[in-house]
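*Asks:* Dropping the structure in here first, questions after.
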Amino acid sequence: MLDCIFCKIITGQSPSQMVFQDEQVSAFRDIHPVAPTHILIVPNKHIASINDLTPADEPLVGHLFTVARQLAVQEGIEKTGYRLIINTGSHAGQMVFHLHLHLIGGQRVRYPMG
Ligand code: AMP
């Protein structure tokens, strides 16, 4: 997607603090962190939201979660705990329409984010 900020980050056209990348997913630090660890894990292919997933995406969605777990270990927060959030649509406050998993931790998290 030409006008998608996360697509531009994935391809290196826009700057980011990338912490992980493989052939399926990318993970980079949120530009407005709400906790010491706030990482966004995104599919490399453009999927606007959970509403756009198909059964064929199930392995990709599973991979998003195992990468989140791996990054929690890398950040040293797997034992203290962390929150994973996926906002979908306007009522949930989704601002960027490229599917992303928020990994938030490093302090006691408050409701609803951070
Ligand atoms: P959401 O409300 O779930 O759509 O959250 C979108 C998140 O993307 C917010 O936490 C923003 O701070 C974050 N964000 C927006 N633009 C960038 C960017 N260029 N680099 C990193 N994070 C971003």
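The values are calculated or read from the model by the stated rules, or taken from the named source; none is laboratory data. Source: prediction; values computed, not measured. Here the Cβ is made from the backbone with ideal geometry for all residues, glycine too, and neighbour counts use every protein chain on show.
*Asks:* Which residues, counting only those in the range 20-79, are part of a helix (DSSP H, G or I), β-branched (Val, Ile, Thr) and within 15 Å of residue 99 (Cβ to Cβ)?
*Replies:* 50, 61, 67 - these are the residues of the range 20-79 that are part of a helix (DSSP H, G or I), β-branched (Val, Ile, Thr) and within 15 Å of residue 99 (Cβ to Cβ).
*Asks:* Ok, one more. Tally the residues that are modelled with pLDDT of 95 or more, within 11 Å of the ligand (Cβ to nearest atom) and either under 22 Å from residue 71 (Cα atoms) or not in a loop (DSSP other than H, G, I, E, B) (or both), restricting the search to the range 91-114.
*Replies:* Final tally of qualifying residues: 7.
*Asks:* May I pose another question? Within the range 1-19, track down each residue that is within 28 Å of residue 80 (Cβ to Cβ) and assigned to a loop (DSSP other than H, G, I, E, B).
*Replies:* Result: 16, 17.
*Asks:* Among the numbered conditions (1) more than 13 Å from the ligand (Cβ to nearest atom); (2) surrounded by 17 or more Cβ atoms within 10 Å (Cβ to Cβ), tell me where residue 16 comes up short.
*Replies:* (1)
*Asks:* Please count how many residues of the range 66-114 are surrounded by fewer than 16 Cβ atoms within 10 Å (Cβ to Cβ), touching a residue at least 40 places away in the same chain (Cβ under 8 Å) and of a type in the set (S, T, N, Q).
*Replies:* So the count comes out to 3.
*Asks:* Looking at the range 43-94 only, could you name the residues that are under 20 Å from residue 110 (Cβ atoms), among the aliphatic types (A, V, I, L, M) and more than 13 Å from the chain's Cα centre (by Cα)?
*Replies:* If the condition is that a residue be under 20 Å from residue 110 (Cβ atoms), among the aliphatic types (A, V, I, L, M) and more than 13 Å from the chain's Cα centre (by Cα), then 77, 92 are the ones that fit.
*Asks:* Please verify whether residue 6 is over 21 Å from residue 109 (Cα atoms) and either touching a strand residue (DSSP E or B) at 6+ places or on another chain (Cβ under 6 Å) or of a type in the set (D, E, K, R) (or both), treating the condition exactly as stated.
*Replies:* So residue 6 passes the test.
*Asks:* Residue under question is residue 67, and the condition is that it be closer than 29 Å to residue 2 by Cβ, within 16 Å of the ligand (Cβ to nearest atom) and touching a Phe, Trp or Tyr at 6+ places or on another chain (Cβ under 7 Å); does it hold?
*Replies:* No: the conditions fail for residue 67.
*Asks:* Considering the range 32-50 alone, what residues qualify as being without any contact (Cβ under 8 Å) to a residue 60 or more places away in the chain, over 19 Å from residue 88 (Cβ atoms) and either crowded, with 16+ Cβ neighbours inside 10 Å or away from the ligand (no atom under 13 Å from the Cβ) (or both)?
*Replies:* 44
*Asks:* Pairs, please: C-beta under 9 Å, at least 6 apart or cross-chain, first residue at positive phi and in the range 7-28, second among the β-branched types (Val, Ile, Thr)?
*Replies:* none
*Asks:* Kindly establish whether residue 38 is modelled with pLDDT of 95 or more and in contact with an Asp or Glu (Cβ under 6 Å, 6 or more places away or on another chain).
*Replies:* Here the answer is yes, as residue 38 does meet what is asked.
*Asks:* Hey, another quick one. Hey, among 67, 19, which residue is aliphatic (A, V, I, L, M) and in contact with a helix residue (DSSP H, G or I) (Cβ under 8 Å, 6 or more places away or on another chain)?
*Replies:* 19
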